[in-house]
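What follows is one structure encoded as structure tokens, with my remarks underneath.
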Amino acid sequence: MPNWRKFRPVDWALLVIAMFMPFLPLVDHNGGHLTVLVNAGVYMMLAIGLNIVVGFAGLLDLGYAAFFAIGSYTYAMVASPQFGLHFSFWPMVLMSAFVAALFGIILGAPTLRLRGDYLAIVTLGFGEIVPQTFLNLQKFTGGPNGISAIDQPKLFGYHFGLNPLPYYYLVLVLLAVSLFLANNLRTSRLGRAWMAIREDEIAAAHMGINTTTTKLAAFSLGASFSGLSGVVNASLLTLVSPDQFKFNVSITVLSMLVLGGMGSLPGVVIGSAALSILNFWLLPEANNLAAMVGVHIDFTQYKFMLYGIILVVVMLFKPEGLYGSEQRKAELKERGTSVAAEENAEYEEMPRETVL
Amino acid sequence: MELFIQQVINGLSLGGIYALIALGYTMVYGIIELINFAHGDVYTLGSFFSLAIIGLLDASGELKGWPLFGVLALTVVGAMVLCGLVGVLLERLAYRRLRNAPRLAPLITAIGASFILENIMQLWKGPSPIPFPSVVPNVVWSFHGVNLASNELLVVLAALGLMTILQIFIYNTKLGKAMRATAQDRDAAQLMGININMTIALTFFIGSALAGVGGFVSGVYYGSTWFYNGFEAGLKAFTAAVLGGIGNVAGAMLGGFVIGMIESLTAGFISDQWATVAVFVLLVLVLIFRPSGLLGEVLPDKV
Amino acid sequence: MSFFALKNVTKTFGGLVAVKEVSYEIEQGHIAAMIGPNGAGKSTAFNLVTGLYVPTAGEIEFDGRSIAGNKPDYVCKLGVARTFQNIRLFAFMSAVENVMAGCHVRMSAMLWDSLLHTGRQKREERAVREKALDLLRFVSLDRYADDFAHNLPYGFQRRLEIARALASDPKLLLLDEPAAGMNPREKEDLMTLIRKIRDRGITVFLIEHDMGLVMNISEKIAVLDHGEKIAEGTPAQVRNDAKVIEAYLGKTA
Amino acid sequence: MSRRSLTRFVALAAIVSLFGTCGAFAPAQAAEQVIKIGTELPTSGGDASNGIPTQNGAQLAVDEANLHAPAGFRFQLDPLDDAVGGIHNPQQGATNIRSLAADAAVMGVVGPFNSNVAAAEIPVSNETGLPLISPSNTNPTLTKTSKYRTSHPSEITYFRVCATDDVQGKAGAQFAKQLGFKKVYIIDDNETYGLGLANVFDADFKSEGGSVLGHDHVTANQQDFKALLTKVSATHPDAIYYGGVTVTGGGLIRQQMGSSGMDPTKVPFEGGDGISDDEFLKVAGPAANNSYYTVAAPDAEKSASAQAFIKAYKAKFHSDIGAYSANGYVAAQVIIGAVDKAIKENGGKAPTRAQVLKTIQSTKDFKSIIGSFGFDKNGDTTSPVISLWKINGGKQVFVRQINVSAGG
């Protein structure tokens, strides 16, 4: 249960918007707009998942899109003409989350002992390998064509089809569930352990926290959220192909986190909403406006430049993001030499055999 | 057999380019423990600057003898200085403020900086590969069915030569010693009167200048450049630096050659489409099983 | 088997011998200390006990089993808790959260409970918070329960670190220079606190520079110099040991 | 403003803009007079060199249609871009189609340009009944199987005015044989279009009696092709066939051949329409000469009826037409023609999308600058034309064109 007294005005505003969202389709019947919102919702779910890894546990995962790919392909392979299998959507939502989590463990188990920045690079490498492997394994994945004609969900005999409306509600429900679960994690034994590891890994280990399994839990739980979003994404698009899961997806999600505030759930919501609006609406709209006055500038082209600027400027001047937690703010603002940080570095440099 | 030797030559040349980039990674990491993610893009900038300088000098491949030498010298030095300045600027604007922040922070700004540089380059020269004029005459020698091009020699010699100069600089000059001292213990170095900011800036300058040479050499070698080259080349060069033992100059060189070789041999004898995967799998394996790299010593413990 | 014992423990780093064949036995319920000049290998010895380092040779016994080479989290689970020479609190967690994190190892909530906040999890969280507040009261920090650890004064941070260590219900508590940086008044309080901890039935093993404090509260002292144990005994014995005097004051004295 | 209140302000601004979005999402006040023709092409980044000339073609058709539009109606182009970060993106494409479908004023769409984008768009088009006419998608499975028509398998809503890869690959194989190639090495860029084309060429060239020395796939964003080319060189091919586009490697492969033991003047290069752009000439440089390629469209410059179009295009856009400008123009004309007809049938009232779709489905003997054609039962052109080109003296030179409709 959230602590109402701690609510800031922005929290109330978010709550009001959240309450309004289910009624939005009554006002706006435009399928294109709903599709945009569904896409934004998928990204928001990705951001919630990555936030567990980066925000809660402090592990920089630059290959998050790989898990998104794994989730999408898992569903695509068993619910399309690819192998003639047509598994039902609902169990596969859980199954894909599970498979993604499993890959989180497979990747995490050997690599999570690495120091933070090496981990970032390894995950980045993983993020490059996975789509490339899906591309190369043509027999199973359809190669560059990907897998198409993916099945849509059915609920009580109602076939979702390609109408974005049911997906809209599906995503809303999944988002609500994701936020609920993520918030529960944050305020639990596990969440406290993540925080402790993020603050001082060596002290955490001495407090009886098994750093390897705790980090692994963050990694695989984070991955499972991308599995969820992958299934929704695959069924609405009816197509998965390797080029949907490139590095820029990972960076987009990371930018959302950084902008909103790593570790803060309202921050994640704000960050992903803001960048989705920018992506799907503001930039294309700016193009049209410019074209109307006869200027042909393609603003969408500057999108990644903008992400770059967001990453740099936010980290430099407001590292806790637009709406970061007080804790994260203090943590990231830390100037001067922090003893813990120094000792951590020292600890990381210790010879292998002596490290946990 | 000829084919194998030919692929080794390809691999060494490719590796030479990775090595030149890896030197910068390893220096910067050695001194402030930051993976300068934007370093690969500084390398690409090197080829862009070279292109611009060649364009200014209007050297379209007709030059010979001293004029040619002059143009080349100007181009290389120009690219080095400009890239060096970009490196210093990066450090000043994006990293310095975060020197004592958690490691995550400067790594994220580094990624951001990389995206910014890529987009600037895309705006500057467009989104497609750009031809690079053949300013350096390319001579091909043939022995028993194996071809060796002077360009290939150029890449390898540039890498080896610069590495040697760098080694001498680091171990035999005052500034080099200041760099090593800063790398080992920043606070102690400061107490000894070393200007930390200057020393770190210098490291960025040298590392980036070497990437600038890499950019020029790769332009000559491939006859083309592209705003996006730095992303993958940078990643592979980082792999090279880690493989060789991060912080170790000779290791970066060795790592570069090994990575180049693996890529070429995979492409030549297995399949081109698995070459990149092979390199990244190697990265993961090295980090897991030998994070100190081939030449990296197990660091002395500070107890 | 004794309650706690270092048996011929050696640790080398490369060519450097940090700890050389050190043996030291501590009885349950005692306050024992280890002293020695800087760089004598005391902290390394602690790190060997808590599993941060693996001994090059030798055995470490605790509570009827050999713990050498076990990982820190496992050693903690067995009942060894510690504080650090340079305070290592979770700087940006509140004091009470720090102590609650210390309870981690004695909690049973599984992933499932954490995800869904089951009734069991809620009850446990409430109990753990109560326990943490109790411990804060024990070290007289209950007024600062909601402050970031980082914002507490130095002496308070030392006490908070002790509370956090106690949260894991240890049988053996290792204190790494607990009095460093304290004024005489604070040292007095610390001595009282250490005795109170011992009275709870927890064995205390401390490293300290402050002779006054060590001589005052320890029942047994070992002296380390250059990684080797040069003396062992009661405070009185150690005080009069020629080797110890030499190690502290130099040969010419 | 204090720091904290600034934070709040920024956050609130974000929320206000969220509401703003909702407002903007309200149905646009449809001016009944406007009939929109959408275009869905990659118009930014590296793909812009394909998308923009095609979009310009459609723009021209709309401009011309407005000169004699039915009374009370005005045509308007609604151009959308499916490139994300400079590369065509299926997800963006599908989203675009959905927003176009949501706009009742849109009667049809010219696009998409790329086959993998089409794979994501056809299901949406099929579900919403929005006609989609591609100027350039050449992947055969898009039309020849019903797997993309997920909602109404028998309803055709996706059409194309260009020949498919099975036709193009076959023409490429025949072309190769006529050029005297006996042994070729095939390289493709491992993308939907490139791989598909290369596979057809591979099979057809073999059945024409040629031998394929090897078939490799390259990786996107690759700069170094020397190892691959060294391997190719060792097999001594008569020519290299490349399935793919310039940006994914076509230009660089050709350019690096020289330094990998193959003289570009002696080892020709052949490809599909993916290397028909000017970029290829730029990137490959002098090595571009002695290259051959097929285009799944007639050479507009050679057709007398197209001269007016070319003139108008140059006058308006101050540039030469692209390989698919004429197709974009014709695709738009097909939609406009269907709209005109529907308005006539309705006695001057606004047409419905279903009407327009029906008319497009029954297109027969449509006279256009790319010849007279109709759509078959799958939505493919009944008159696929392949033109053959070579590069000589740094210029693209038309060789001849073949109509493959008879041959099948």
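The values are calculated or read from the model by the stated rules, or taken from the named source; none is laboratory data. Predicted, not measured: the structure shown is a model, and the values here were computed from it. Cβ: placed from backbone, ideal geometry, glycine included. Neighbour counts: every protein chain shown. Calculation scope for accessible area: heavy atoms of the full protein, side chains included, ligands and nucleic acids excluded. Shrake-Rupley method; radii C 1.70, N 1.55, O 1.52, S 1.80 Å.
Worth a mention:
- When C:M34 is tested against (1) under 21 Å from C:I217 (Cβ atoms); (2) over 17 Å from the mean Cα position of the chain (by Cα), only condition (2) is not met.
Residue by residue, here is whether (1) in the same structural domain as D:E127 (by TED's automatic domain parsing); (2) of a type in the set (K, R); (3) in contact with an Asp or Glu (Cβ under 6 Å, 6 or more places away or on another chain); (4) closer than 24 Å to D:T145 by Cα holds:
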position: D:Y329; (1), (2), (3), (4): yes, no, no, no
position: D:V334; (1), (2), (3), (4): yes, no, no, yes
position: D:G337; (1), (2), (3), (4): yes, no, no, no
position: D:D340; (1), (2), (3), (4): yes, no, no, no
position: D:E345; (1), (2), (3), (4): yes, no, no, no
position: D:G348; (1), (2), (3), (4): yes, no, no, no
position: D:T352; (1), (2), (3), (4): yes, no, no, no
position: D:K367; (1), (2), (3), (4): yes, yes, no, no
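- Put simply, of B:G215, B:G256, B:G234, B:G268 the only residue that is open to solvent by less than 10 Å² (accessible area, probe 1.4 Å), at the interface with another protein chain (Cβ under 9 Å from one of its Cβ atoms) and either modelled with pLDDT under 90 or at negative phi (or both) is B:G268.
- In the stretch A:134-164, the residues that are in contact with a helix residue (DSSP H, G or I) (Cβ under 6 Å, 6 or more places away or on another chain), of a type outside the set (V, I, T) and more than 7 Å from every other protein chain (Cβ to nearest Cβ): A:F134, A:Q152, A:P153, A:F160
- The residues listed here are B:V88, B:V140; of these, the one that is over 20 Å from B:L235 (Cα atoms), open to solvent by 20 Å² or more (accessible area, probe 1.4 Å) and either free of Cβ contacts under 8 Å to residues at least 24 places away in the same chain or within 14 Å of chain A (Cβ to nearest Cβ) (or both) is B:V140.
- Some residue of the stretch D:71-79 being closer than 25 Å to D:N190 by Cβ and either open to solvent by 10 Å² or more (accessible area, probe 1.4 Å) or without any contact (Cβ under 8 Å) to a residue 12 or more places away in the chain (or both): no
- Complete set of residues in the stretch A:86-116 that are out of contact with any Ser or Thr (no Cβ under 9 Å at 6 or more places or on another chain) and either open to solvent by less than 10 Å² (accessible area, probe 1.4 Å) or among the basic types (K, R) (or both): A:R115
- Which numbered condition B:F69 misses (of (1) farther than 14 Å from B:G214 by Cβ; (2) among the aromatic types (F, W, Y); (3) in contact with a Cys (Cβ under 8 Å, 6 or more places away or on another chain)): (3)
- In the set C:A101, C:A109, C:A91, only one residue is in contact with a Lys or Arg (Cβ under 9 Å, 6 or more places away or on another chain), more than 30 Å from C:E27 (Cβ to Cβ), buried (at least 22 other Cβ atoms within 10 Å of the Cβ) and within 7 Å of chain A (Cβ to nearest Cβ); that residue is C:A101.
- The set of residues in the stretch A:97-133 that are more than 8 Å from every other protein chain (Cβ to nearest Cβ) and among the aromatic types (F, W, Y) comprises A:F98, A:F103.
- Complete set of residues in the stretch A:11-51 that are open to solvent by 30 Å² or more (accessible area, probe 1.4 Å), closer than 24 Å to D:E40 by Cα and assigned to a helix (DSSP H, G or I): A:H33, A:L37, A:Y43
- Any hit, the stretch C:216-237, residues being outside any strand (DSSP E or B), in contact with a His (Cβ under 9 Å, 6 or more places away or on another chain) and either modelled with pLDDT of 90 or more or of a type in the set (D, E) (or both): yes
- Per-region count, the stretch D:142-164, residues in a helix (DSSP H, G or I) and either open to solvent by 10 Å² or more (accessible area, probe 1.4 Å) or not assigned by TED's automatic domain parsing to the domain that holds D:F366 (or both): 1
- The lone criterion from (1) among the aliphatic types (A, V, I, L, M); (2) open to solvent by less than 10 Å² (accessible area, probe 1.4 Å); (3) more than 11 Å from chain C (Cβ to nearest Cβ) left unmet by A:L236 is number (2).
Every residue, every condition in (1) at the interface with chain B (Cβ under 8 Å from one of its Cβ atoms); (2) open to solvent by less than 10 Å² (accessible area, probe 1.4 Å); (3) out of contact with any Phe, Trp or Tyr (no Cβ under 9 Å at 6 or more places or on another chain), yes or no:
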residue	(1), (2), (3)
D:G194	no, yes, no
D:A198	no, yes, no
D:F201	no, yes, no
D:D204	no, no, yes
D:S211	no, no, no
D:K226	yes, yes, no
D:T235	no, no, no
D:I240	no, yes, no
D:Q255	yes, no, no
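- Just one of the listed residues (D:T359, D:T363, D:T352) is open to solvent by less than 40 Å² (accessible area, probe 1.4 Å), without any contact (Cβ under 8 Å) to a residue 24 or more places away in the chain and under 20 Å from D:N126 (Cβ atoms), and it is D:T359.
- Among the residues listed as D:A69, D:A94, D:A58, the single one being away from chain A (no Cβ under 12 Å) and either out of contact with any strand residue (DSSP E or B) (no Cβ under 6 Å at 6 or more places or on another chain) or not in a helix (DSSP H, G or I) (or both): D:A69
- Residue count, the stretch D:222-253 (criterion: assigned to a helix (DSSP H, G or I) and touching a residue at least 24 places away in the same chain (Cβ under 8 Å)): 14
- Scanning the stretch D:109-141 for residues that are surrounded by 24 or more Cβ atoms within 10 Å (Cβ to Cβ), of a type in the set (G, A, S) and over 16 Å from the mean Cα position of the chain (by Cα) gives a single hit, D:S125.
- The single residue among C:L52, C:L78 that is out of contact with any Lys or Arg (no Cβ under 6 Å at 6 or more places or on another chain), surrounded by 20 or more Cβ atoms within 10 Å (Cβ to Cβ), in contact (Cβ under 8 Å) with a residue 12 or more places away in the chain and within 12 Å of chain A (Cβ to nearest Cβ) turns out to be C:L52.
- Residues in the stretch A:181-208 that are at the interface with chain C (Cβ under 7 Å from one of its Cβ atoms) and closer than 16 Å to C:E161 by Cα: A:A196, A:E199, A:D200, A:I202, A:A203, A:A205, A:H206, A:M207, A:G208.
- Among residues of the stretch A:138-190, those that are charged (D, E, K, R) and either modelled with pLDDT under 85 or outside any helix (DSSP H, G or I) (or both), counted: 2
- Summed over the stretch D:317-349, the residues that are open to solvent by 10 Å² or more (accessible area, probe 1.4 Å), among the hydroxyl-bearing types (S, T, Y) and in a helix (DSSP H, G or I) give a count of 1.
- So C:E124, is it crowded, with 16+ Cβ neighbours inside 10 Å and among the acidic types (D, E): yes
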